[in-house]
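Each remark here refers to the structure printed beneath this line.
Every number in this text was worked out from the coordinates using simple rules, so none of it is lab data. Predicted, not measured: the structure shown is a model, and the values here were computed from it. Positions of Cβ are backbone-derived with ideal geometry, glycine not excepted, and every protein chain shown enters the neighbour counts.
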Amino acid sequence: MSDIIVLKCGGSTIDELSDQFFANIRSLKQSGLKPIIVHGGGPAIKQMLGKLQIESEFVNGLRKTTEPVMDVVEMVLTGTVNNALIRKLNEAGIQSVGLSGSDYQLLTAKPKDFEQYGYVGEITDVNAEFLTQLLENGIVPVIAPIAIGVDNTTRYNINADTAAGAIAKAMSAKQLIFVTDVPGIMKKNKLIESVTEQEITKLISTGTIYGGMLPKVQAAIESLSEDLQEAMIVDGKHSEITPDAKLVGTVIKKSVEVVQ
Ligand SMILES: Nc1ncnc2c1ncn2[C@@H]1O[C@H](COP(=O)(O)OP(=O)(O)O)[C@@H](O)[C@H]1O
Ligand SMILES: CC(=O)N[C@@H](CCC(=O)OP(=O)(O)O)C(=O)O
C-alpha cells in the first residue's frame, strides 16, 4: 500500500486554515506519509468575477465556464489561491511546489459537455509519473484544478473535488480527505459518521445532499478502490489531521455486496 495521502482543501475553508493545520501537514510528512494537496477556490473566483462584472452560473454543481470565466478561474486558482497556500506551507517549513494541472500535462481533460458546461473538463489522464518524482524528492505538490486538452492548448476548469478524486485514484493513494467548512455530511443537523454509495444515492434523491456536497461524494465514490477503501469529509477549522488522529467527520465507504 502506498504512503500517499491526498488532501483536498476547499475554497470554503482555505482562508481559515490555522497554523496548526499546516504544522500537522509537516508531521504527516515526518511520519513518512506523502501528502498531495489539491485546492479549490470557489468563493475567491466568485469574488473576482463579481469585481470584473462577469456573469457565471452553476449547472448541476459545476460552474458553466465561458472563455472570460476561464480566464478568471485560471488567474484566481493558479495565481492567488495557489500562491497563498504555498506561502503558508513554506512558513510551516514544508517544501512544496505550486502547480496548475495544465503544467507538464499533470491533468489532461476533454470537454464534459461543451453545450451544457462550456470549458468544464472531464479528466482523461493524470501524470502520475511526474507527481511520483516530486513525492520521491520530499516535495509536496499543491495542485490547482485546471487541466489541459490533448491539443495542448485548450484549458479546462475542473471541480477541485473531482480533480482530487482522480489524482487519488491515479496515485493509488491510501487516504483521500476532503477538508471543507462543515463537519461532514449532515442530515437534520446531525453528522452522518459513515455512509455507503447506496446510502449516498438515497441522500441525493431526497435532497439531503446538494450543491457543493455533490461533487465531493461523487468524487469519493469514483475514487474508491482496493488501495483506497474509504474517503473522508472533515471540517477544516476543527480537524487535527495528524498521523495517528482518529478524524471526526463522514467516512464514505463502498457498499457491501450481499451474496445471496
Ligand atoms: N448534507 C449536507 N451536509 C453538509 N453540507 C452540505 C450538505 N449538502 C450540501 N452541503 C453544502 O456543501 C457545502 C460544502 O461544499 P462547498 O461549498 O463546495 O465547499 P468546498 O469549497 O469546501 O468544496 C456546505 O457548506 C453546504 O452548504
Ligand atoms: C467546474 C467547477 O465548478 N470548477 C470550480 C473550481 C474551483 C472549486 O472547485 O473550488 P471549491 O473546491 O472551493 O468548490 C469553480 O469554478 O468554482
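How big is the range 104-182 on each of its three principal axes, counting only the C-alpha atoms and giving the largest first in Å?
Principal axes ranked by extent give 40, 35, 17 Å for the Cα atoms.
Quickly rank 109-121, 243-255 as a protection proxy: mean count of other C-beta atoms within 10 Å, highest first.
Result, highest mean Cβ count within 10 Å first: 109-121, 243-255.
Would you mind calculating the gained length between Lys187 and Val59 on full extension (0.36 nm times residue separation, minus the Cα-Cα distance), in nm to one decimal?
Length gained, Lys187 through Val59: 43.7 nm.
Of Ile185, Ile25, Ile204, which has the largest mean-square fluctuation in a 10 Å C-alpha GNM of the chain?
Residue with maximal mean-square fluctuation among Ile185, Ile25, Ile204: Ile204.
Past the 21 Å Cα-Cα mark, which pairs from Lys34/Lys254; Lys188/Lys246; Lys174/Lys254; Lys216/Lys253?
Lys34/Lys254; Lys188/Lys246
Evaluated at 20 °C with a viscosity of 1.002 mPa s, what Stokes-Einstein diffusion coefficient in µm²/s does the chain have when Rh comes from the Kirkwood expression over alpha-carbon pairs? Display every interim value, and only then the final one.
Numbers: Rh = 18.4 Å.
This corresponds to a translational diffusion coefficient of 116 µm²/s.
Once a ≥ b ≥ c are taken as the square roots of the eigenvalues of the Cα gyration tensor of the range 1-134, is the result rounded (a/c under 1.5), prolate (a/b larger than b/c) or oblate (a/b not larger than b/c)?
oblate
To the nearest 0.05, what FRET efficiency results for Ser18 and Ile139 with a Förster distance of 30 Å applied to their C-beta separation?
0.85
Take peptides 133-140, 71-78 and line them up by average Cβ neighbours within 10 Å, highest first, as a rough protection proxy.
Working: 133-140: 14.1, 71-78: 20.9.
The packing order, highest mean first, is 71-78, 133-140.
Just to check I understand the Karplus step: with θ = phi - 60° and J = 6.51 cos²θ - 1.76 cosθ + 1.60, what whole-Hz values come out for the range 46-62, glycine and proline as x?
The phi angles translate into 4, 4, 5, 4, x, 4, 8, 6, 9, 6, 8, 9, 9, 10, 6, x, 10 Hz.
Name all residues of the range 91-119 having a backbone nitrogen under 20 Å from the label point set 7 Å from the Cα of Ser225 along its Cα→Cβ direction, giving them as ranges.
Residues 101, 105-110 fall inside that zone.
I'm checking a number: the convex hull volume of the Cα atoms of the range 1-53, normalised per residue, in Å³. What is it?
Taking only Cα atoms, the range 1-53 has a hull volume of 76 Å³ per residue.
Got a sec? Which residues in the range 91-128 would a label at Arg26 touch, if it sits 7 Å along Cα→Cβ and we count backbone N under 15 Å?
Backbone N within reach: 91-96.
Could you check the spin-label model distance between Asp71 and Asp3? Points 7 Å from the Cα along Cα→Cβ, value in nm.
Going by the 7 Å Cα→Cβ label model, 4.5 nm.
Largest first and to the nearest Å, give the Cα extent of the range 163-260 along each principal axis.
Sorted largest first, the three principal extents are 35, 33, 25 Å.
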